[in-house]
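Accompanying notes for the structure given below.
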Amino acid sequence: MSTHSQTMNAPEPDLIDLLRDWWRLRGWIMAGMVAGVLAAFAFLALAVPQYRVSMLIAPADRGTGTDIKALLPDNATFALQYLASSIGAQDTTDFSRLENIMRGADVAAIVMKNKDVADGVRASRSLRISAGADIRDPAELADWMARTIKIEPVGTTTMRRVVLNHPDREWATGFLTLVHDAADRLIRNDVRTRADARSAYLQDALRRTDHPDHRRALTNLLMEQEHVRMMLAMDEAFAAVIAESPSASARAVWPRKSIVLPAFVFAGAVLFYCLGLIFGRRDRHA
């Protein structure tokens, strides 16, 4: 009978055969476990501990909607409902905008003015032998922020949790605050520019209008813009407030010894078991 036929007719290995192989190769497996332990300790020695720093943000509580009660004096309930919905929509829009620009180039350009940012980004590395990121322009910083800063939803609420893993807890907490302030200031400046332009246009239109109803409508729109400018003049967050200040985890979230050590030991045992099967088969055929 040919060798191929013998191979085809050979019985499938069962659990007993597997246990025999394990016992026969127990020396290889033990050597692999020892190698796994040594590799795990070497990896832990080279790994830079990373701490989880998180910050909770929420839409700012403010009112910038159009006051239409004077336009609809006979239906005050409808006016109030419309006002509330318009305020909520505007707040949500500004908050969504902040959420999307926090990791953008415009925010990065403002953040880069802080001389400590480049050093902190350079220190953000996973292994001691690896080189940190060298940030030279806002585009590179924005790319680093997009990769490292995570924005997570908080249940079904409108709040968001901003998360950053970094070796330096103090730097990371300050950096998240800096990013929030820069994004909020960008939105504040844009809204201020638009409110000033609208106010100038409405004042000019009011001077050129004599119709009482038109003047009343223009006056209410002008009061809305003045309300927005008043909110902007206050020294507080405009698009999003920090509901929970940035805080760092008490322990490093990476690397985790409870996961790294067993994983390396198991990988070493499996690797050396396979090597034992290969070299053991060669020795039998030699």
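The values are calculated or read from the model by the stated rules, or taken from the named source; none is laboratory data. Just so it is clear, the model here is predicted, and its values are computed rather than measured. In this analysis, Cβ positions are derived from the backbone assuming ideal geometry, glycine residues included, and neighbour counts consider all displayed protein chains. In case anyone asks, the SASA skips ligands and DNA or RNA and just uses the protein heavy atoms, side chains included. Shrake-Rupley method; radii C 1.70, N 1.55, O 1.52, S 1.80 Å.
The listed residues are Ala47, Ala42, Ala60, Ala31, and the only one of them that is under 26 Å from the mean Cα position of the chain (by Cα), modelled with pLDDT of 65 or more, small (Gly, Ala, Ser) and farther than 30 Å from Ile242 by Cβ turns out to be Ala47. The lone criterion from (1) touching a Leu at 6+ places or on another chain (Cβ under 7 Å); (2) more than 14 Å from Asn100 (Cα to Cα); (3) of a type outside the set (A, V, I, L, M, F, W, C) left unmet by Gly155 is number (1).
Okay, residues lined up against (1) closer than 30 Å to Arg26 by Cα; (2) aliphatic (A, V, I, L, M); (3) in contact with a Phe, Trp or Tyr (Cβ under 8 Å, 6 or more places away or on another chain); (4) open to solvent by 50 Å² or more (accessible area, probe 1.4 Å):
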position	(1), (2), (3), (4)
Thr177	no, no, no, no
Asp190	no, no, no, yes
Ala205	no, yes, no, no
Leu218	no, yes, no, no
Phe238	no, no, no, no
Ser247	no, no, no, yes
Gly268	yes, no, no, no
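The rows are residues; the columns are (1) outside any loop (DSSP other than H, G, I, E, B); (2) at pLDDT 90 or above; (3) polar (S, T, N, Q).
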{"site": "Ala200", "(1), (2), (3)": "yes, yes, no"}
{"site": "Ala205", "(1), (2), (3)": "yes, yes, no"}
{"site": "Arg229", "(1), (2), (3)": "yes, no, no"}
{"site": "Ala243", "(1), (2), (3)": "yes, yes, no"}
{"site": "Ser247", "(1), (2), (3)": "yes, yes, yes"}
{"site": "Arg251", "(1), (2), (3)": "no, yes, no"}
{"site": "Phe272", "(1), (2), (3)": "yes, yes, no"}
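Between Thr193, Thr173, Thr156, the distinction of being of a type in the set (Val, Ile, Thr) and touching a Ser or Thr at 6+ places or on another chain (Cβ under 9 Å) belongs to Thr173 only. When Leu186, Leu164 are screened for being part of a helix (DSSP H, G or I) and open to solvent by less than 60 Å² (accessible area, probe 1.4 Å), only Leu186 passes. Evaluated against (1) surrounded by 13 or more Cβ atoms within 10 Å (Cβ to Cβ); (2) over 30 Å from His180 (Cα atoms), Ile278 falls short on exactly one condition, (1).
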